[in-house]
1. List the pairs whose first member sits in the range 142-153 and is without any contact (Cβ under 8 Å) to a residue 24 or more places away in the chain, whose second member is small (Gly, Ala, Ser), and whose Cβ atoms are under 6 Å apart, counting only residues at least 6 apart or on separate chains?
2. Kindly indicate whether GLY221 is over 24 Å from PRO278 (Cβ atoms) and open to solvent by less than 70 Å² (accessible area, probe 1.4 Å).
3. Search the range 65-81 for residues being touching a residue at least 40 places away in the same chain (Cβ under 8 Å) and more than 15 Å from ARG22 (Cβ to Cβ), and hand back the single one that is surrounded by the fewest Cβ atoms within 10 Å (Cβ to Cβ).
4. Taking ARG191 as meeting all but one of (1) touching a residue at least 24 places away in the same chain (Cβ under 8 Å); (2) open to solvent by less than 50 Å² (accessible area, probe 1.4 Å); (3) more than 23 Å from the chain's Cα centre (by Cα), write down the number of the exception.
5. Specify which of the listed residues (TRP164, TRP180) is open to solvent by less than 50 Å² (accessible area, probe 1.4 Å) and either more than 30 Å from GLY143 (Cα to Cα) or in a helix (DSSP H, G or I) (or both).
6. Does the range 230-246 contain at least one residue that is assigned to a helix (DSSP H, G or I), aromatic (Phe, Trp, Tyr) and open to solvent by less than 90 Å² (accessible area, probe 1.4 Å)?
7. Name the residues in the range 128-152 that are under 22 Å from PHE167 (Cα atoms) and either at pLDDT below 75 or in a loop (DSSP other than H, G, I, E, B) (or both), would you?
8. Sort out which residues of the range 60-115 are in a loop (DSSP other than H, G, I, E, B) and at pLDDT 80 or above, and write them in order of number.
Amino acid sequence: MQEESLSRPIYLPQRSTPTAVRRFLVLLLGGAFTVALNFWVLHAELGGGAANIAGGNPPVPVLLALTVLLPLHRFLKLTDTELTLFYLFAVFAFLPATLGGVRAFFPCLTTPFYFATPDNQLKEFWQFLPDWWAPKETLALRGFFEGADGRVPWSVWLPLLLYWSVFFVAIWMVGWGIAWWLAPQWLAQERLNFPLAQLPRHMIEGIDERSFFTSRLVRVGAVVGTLPTMLMVLCSAFRPVERYWDLGIYLSERPFNTLRPLLIYPLLEGIGFGYLVPQDVLLSVWFSYGMLKAFSFVGSGFLGWEVPDFPFPS
């Protein structure tokens, strides 16, 4: 009897009466979100460089779009299933616009061609790269790094983007399949609660049969979470404000100066979600960060390895 109770999962999706899903409406809403998100990232991140709206987890633009849809769900007659499908669609469409997509992936593809010189011998690697890897035309490469006055050579870039789109779709399908395959193990045996998925889930389903935003706990949490940011916004009108504490300024003597930068971000949302993360995951994060600083402390501080950005030389 005891073994049976221990093996029972904490949470399993409940079967409900299947409802018709308007896939066209979900695709329409997801497509509108994708277009708006890319214009937002283009002007706020890539153009201005002063924002990081596509960073963080859970994704803030996706939660913002879901917040806008919730008051409209009765007018549009959106079901919980359709809102969940929109959230999943938006999360996957959100990935290419993140820091590792736009800002890192394409520059890494074109670096061997643009920065090739007789000294670094990068041109010797060209023969190993297929034609669909990246454009090799000088004008297209120069326009990518130096700007093309708003004129994108789509005839050069569009075929390459289609090739890489197939690659990314394949990666996401593999990841989705692995997650689907491991879901019974995660739910029934390891009893994971997926804390990052609880927020959109409660936003869609509500709390205690009430709307999410009518909950007093949600309102108090929203005020507490936004208050530090609002104070920073107000203070920034009078003086520069940093969102972190740099403890590295107190480490000026060798070998302790090799630990710099040593930044602490007092983010209440990070503390809140960190409270819900399993302890073994938190331990692995702290252990990895400690090992990173230990390598730098020993390698640069004691062994004298003067390598820029050690242990990740540039």
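The values are calculated or read from the model by the stated rules, or taken from the named source; none is laboratory data. Because the structure is predicted, anything quoted here is derived from the model rather than measured. With ideal geometry, Cβ positions are generated from the backbone for all residues, glycine too; neighbour counts draw on all protein chains shown. Just the protein is used for accessible areas: all its heavy atoms, side chains included, with ligands, DNA and RNA removed. Shrake-Rupley method; radii C 1.70, N 1.55, O 1.52, S 1.80 Å.
1. Short answer, once both residue conditions are applied: PRO153/ALA140.
2. No; evaluated as a whole, the condition is false for this residue.
3. THR67
4. (2)
5. Numbers: TRP180 fails: open to solvent by less than 50 Å² (accessible area, probe 1.4 Å).
The unique qualifying residue is TRP164.
6. Initial filter on the range 230-246 (assigned to a helix (DSSP H, G or I)): 230-236.
Remaining after also requiring aromatic (Phe, Trp, Tyr): none.
No, there is no match, as no residue in the range 230-246 is assigned to a helix (DSSP H, G or I), aromatic (Phe, Trp, Tyr) and open to solvent by less than 90 Å² (accessible area, probe 1.4 Å).
7. Of everything in the range 128-152, those that are under 22 Å from PHE167 (Cα atoms) and either at pLDDT below 75 or in a loop (DSSP other than H, G, I, E, B) (or both) turn out to be LEU129, PRO130, ASP131, TRP132, TRP133, ALA134, PRO135, LYS136.
8. Step one: list which residues in the range 60-115 are in a loop (DSSP other than H, G, I, E, B), which gives 77-79, 98, 104, 115.
Once the filter is applied, which keeps residues that are in a loop (DSSP other than H, G, I, E, B) and at pLDDT 80 or above, the range 60-115 yields LYS77, LEU78, THR79, PHE115.
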